[in-house]
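The values are calculated or read from the model by the stated rules, or taken from the named source; none is laboratory data. Not measured: the values here are computed from a predicted model. As a convention, Cβ positions derive from the backbone with ideal geometry for all residues, glycine included, and neighbour counts pool all protein chains shown.
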Amino acid sequence: MARQRRHFTQEHKDEIVRMVLDGPRPIAHVAREVGIHDTTLGNWVKDYRRRHGGGAATGDSGGEKMSARELELERENRRLREENDFLKKAAAFFARDHR
């Protein structure tokens, strides 16, 4: 049986994209939460950035855009959070295994 295609309003798409851009969670995590494919959400993020002048966060005071250094730090921060989450899960797994 084929799944019926879901349609999202532009406002709903923008709300989901804001979850990615405003928080530390990567696209894959948010996509899994919402129940859509991560490639789809990545396309929505790209489209949102194109429509809003490429700024990563509209919550900035005065509509300031993030500098390249700030974007780099955000990416690194996100990567480190993911690695930390993985290590926590691995530590919990091995701690449970050796009891």
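Looking only at residues that are among the polar types (S, T, N, Q) and modelled with pLDDT of 90 or more in the stretch 1-51, which one is surrounded by the fewest Cβ atoms within 10 Å (Cβ to Cβ)?
Applying the filter and picking the extreme gives Thr9.
Under 7 Å by Cβ, and 6 or more places apart or on different chains, what pairs join a residue from the stretch 12-24 that is over 15 Å from His52 (Cβ atoms) with one that is in a helix (DSSP H, G or I)?
Met19/Val30; Pro24/Asn77; Pro24/Arg78; Pro24/Arg81
Being among the aliphatic types (A, V, I, L, M) and closer than 19 Å to Arg3 by Cβ is the filter here; which residues of the stretch 19-50 pass it?
Once the filter is applied, which keeps residues that are among the aliphatic types (A, V, I, L, M) and closer than 19 Å to Arg3 by Cβ, the stretch 19-50 yields Ala31, Val34, Ile36, Leu41.
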